[in-house]
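To keep things clear, I will list the structure first and then write my remarks on it.
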Amino acid sequence: MIAALKRLLDLARSDTGQSARVARFLMAWWNGPDLGDFPIADLFGLDRNVAGDITTVIGFLGQHDGAIYIDSLGYRAEMVVIVERWATLSRTSAEAA
C-alpha cells in the first residue's frame with residue numbers, strides 16, 4: 001500500500017492531466033469536509049494503474065477499524081504541498097456540484 005501511496009503523492013505534486021484528480025482523492029481522505037470530496041467519476045479519467053493505486057489505498061483503509069489519515073502515516077509535509085497547490089480547485093469543484 002505504501003508504494004501505491006507514494007506514487008499517488010508524486011503524481012499529485014506533478015503537473016499532468018491526472019494530477020488534480022489524484023490530489024482531490026488525497027485531500028478528501030485527509031480532510032474532506034474542508035478540502036472537498038472525491039467524485040467517484042474521477043476514476044474514469046485516470047489510467048488503470050493510477051486508479052489501481054487509489055483502490056489499493058481504499059482497500060487498505062477498509063481493512064481497519066476506525067479512521068487512518070494520511071498524516072498519521074508520516075506524509076503531512078507532502079499533503080501540505082498538495083493542499084497549497086490544489087485546494088482552491090477542489091473547493092471550486094465541490095461548490096459547482
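In the stretch 63-74, what residues are under 14 Å from Leu8 (Cβ atoms) and within 12 Å of the chain's Cα centre (by Cα)? Give the steps one after another, and end with the answer.
We begin by selecting, within the stretch 63-74, every residue under 14 Å from Leu8 (Cβ atoms); these are 70, 73.
Once the filter is applied, which keeps residues that are under 14 Å from Leu8 (Cβ atoms) and within 12 Å of the chain's Cα centre (by Cα), the stretch 63-74 yields only Ile70.
Can you name the residue in the stretch 51-83 that is of a type in the set (Asp, Glu) and either in a helix (DSSP H, G or I) or closer than 18 Å to Gly32 by Cβ (or both) and, of all such residues, is modelled with the lowest pLDDT? Before the answer, list the steps.
Restricting attention to the stretch 51-83, the residues satisfying the condition of being of a type in the set (Asp, Glu) are 53, 65, 71, 78.
Then drop every residue that is not either in a helix (DSSP H, G or I) or closer than 18 Å to Gly32 by Cβ (or both), which leaves 53, 71, 78.
Details: Asp53: 99, Asp71: 94, Glu78: 97.
That would be Asp71.
To keep it simple, each residue is scored yes or no on (1) surrounded by 15 or more Cβ atoms within 10 Å (Cβ to Cβ); (2) not in a loop (DSSP other than H, G, I, E, B).
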{"residue": "Arg21", "(1), (2)": "yes, yes"}
{"residue": "Met27", "(1), (2)": "yes, yes"}
{"residue": "Phe38", "(1), (2)": "yes, no"}
{"residue": "Asn49", "(1), (2)": "no, yes"}
{"residue": "Arg85", "(1), (2)": "yes, yes"}
- request: Only residues in the stretch 43-55 that are within 11 Å of Phe25 (Cβ to Cβ) count as the first member; pair them with residues that are loosely packed, with under 14 Cβ neighbours inside 10 Å, Cβ under 8 angstrom, at least 6 apart or cross-chain, and list the lot.
  value: none
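The values are calculated or read from the model by the stated rules, or taken from the named source; none is laboratory data. Given the structure is predicted, the values throughout are model-derived calculations rather than measurements. We place every Cβ from the backbone using ideal geometry, glycine too, and count neighbours over all the protein chains shown.
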